[in-house]
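Encoded as structure tokens, the structure appears first; notes follow it.
Throughout, read-outs are computed from the coordinates displayed, never taken from laboratory work. Remember, predicted model here, so these are calculated numbers, not experimental data. So basically every Cβ, Gly included, is an ideal-geometry build from the backbone, and we count neighbours across all protein chains shown.
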Amino acid sequence: MRVLPDSGLAYRYITRLLGLPARLRLAFDGYPVGVKTPPEPTADLRRGLTALSVVIPVYNEEAWIRRSVAAVLAAGETAGIDLDIVVVDDGSTDSTAQVIDELAIDPRVRRVSQTNAGRMAARVTGAQTAIRSHLLLLDARVIVGTDSLRWMADSWDTYPDASVWCGHVDIETRGNPVAAFWSGLTKVGWRRYMSNPRVVSFGADDFDQFPKGTTALLLERDYFLELAGAFESLFDQQRLSSDDTRLLRQAAGERRIWLSPQFSFDYHGKTGVGGLRKQAYFRGTTFVDSYLGQSRVLGPALVGASVGGVALIAFTVAKPSVGIPCLLAAWAAIPVAVSASGGTRREVGAAAAMTPAFAILFGSGVLRGYALAARAKFRSRRDATS
């Protein structure tokens with residue numbers, strides 16, 4: 001990997017120490033899938049978008065999968081699209097499988113089961129069994145808008161060069177302060193788009209300036225399988241790898257990724273302290289895999305923030321009369337940024353209340369990410385010399 005000359009001493013040291021990028025080839029044979037050779041897709045794009053496979057990985061989502069599938073079916077009927085819905089049960093321990101079987105009374109819905117292997121593995125399993133040439137990857141808590149598929153079908157020929165579409169995902173914040181917190185951060189991080197949602201496309205050069213994810217992603221089935229087969233992570237634990245940002249960064253280097261507010265979805269996040277704890281810690285870890293050694297701006301910023309955060313804590317311990325006001329100023333900066341980025345009162349309030357806990361949890365996740373990357377590199381070198 002080429003390290004930029006202006007990346008900073010700490011960034012150069014850490015990236016050299018980890019030997020980025022450590023290779024983790026997620027080959028299909030590593031997944032517990034039932035179909036190794038994908039079936040030949042049907043010729044379903046004779047004119048416009050007329051048919052679509054929808055792959056929904058689920059793990060213990062008995063309360064949400066029924067609503068998610070119902071929304072897809074309704075949107076497909078509105079759009080006049082023939083649907084093939086593949087719900088992949090990733091080893092659920094609740095009643096998710098039974099709920100899916102009830103939904104599968106509709107011939108457009110199928111259940112595929114596997115032992116728990118993570119979201120990426122479940123998506124590959126679903127894609128390999130899909131029968132349409134195009135996929136919509138969807139998470140169980142992401143609800144497709146009623147007119148979203150109709151807009152896509154009507155606009156298909158308007159954007160002939162658009163082959164990868166990320167959904168415009170709005171976070172449902174009513175009654176969920178944790179979701180309001182994440183929604184506020186989204187408006188800060190992606191303000192270039194969120195302040196003025198419109199049809200846009202982005203590539204590798206401006207990749208970090210736009211929202212993206214695989215929670216609602218439309219693309220060719222074969223292209224997704226190609227991306228998944230070439231996917232590489234800093235970690236040797238696939239469950240903790242960044243299976244959206246890294247994968248989409250590769251896609252953006254080959255094709256432009258498109259966004260539209262008309263291709264819309266609603267995300268219903270988990271609630272309560274447990275939801276914040278799990279999400280913040282996990283996202284801190286995946287943030288390392290997403291940006292360290294990958295982004296010209298956010299990679300060095302991540303290392304700088306890590307070093308600065310540790311230094312600020314040490315300084316606060318040594319000189320609390322100065323360090324504590326600095327910590328309070330950093331705390332206050334987050335809700336101010338959310339407000340300046342167009343955040344609602346609910347989002348600003350959540351930012352003010354949850355920033356300290358988030359900083360601790362997210363920072364802990366970042367440290368775990370560094371440790372995982374270093375361990376993967378160490379094991380790679382040990383295996384190479386053994």
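For the reader, a short list of remarks on this structure follows.
- Maximal additional length on extending the residue 254-residue 336 stretch stands at 25.8 nm, based on 0.36 nm per residue less the C-alpha distance.
- On full extension, the segment bounded by residue 314 and residue 230 gains 26.1 nm, given 0.36 nm per residue less the C-alpha separation.
- Per-peptide packing, taken as the mean over residues of other Cβ atoms within 10 Å, places 106-112, 372-378 in the sequence 372-378, 106-112 from highest down.
- A dipole drawn for the chain from +1 and -1 charges on Cβ atoms has a positive end, and of 59, 237, 164 the residue lying farthest that way is 237.
- Residue-averaged [θ]222 nm for the chain, counting only DSSP H segments that reach four residues, each worth -39500 (n - 2.57): -16000 deg cm²/dmol
- Beta-bridge orientation, the chain: approximately 35 percent antiparallel, per DSSP, counting only bridges with both partners inside.
- Value of relative contact order over segment 28-279, rounded to a whole percent, pairs C-alpha under 8 Å and six or more apart: 25
- Spatially proximal lysines relative to residue 212 (Cα-Cα < 29 Å; intrachain offsets below 8 disregarded): 36, 187, 270, 278, 377
- Three-way shape label, segment 151-286, alpha-carbon gyration tensor, a/c 1.5: oblate
- Degrees, to the nearest 10: 9-18 long Cα axis against longest axis of the chain: 50
- Projected label points at residue 62 and residue 156, each 7 Å from Cα along the beta carbon direction, are separated by 3.8 nanometres.
- Cα-based shape type of the chain, given that a ≥ b ≥ c are square roots of the gyration tensor eigenvalues and the cut on a/c is 1.5: prolate
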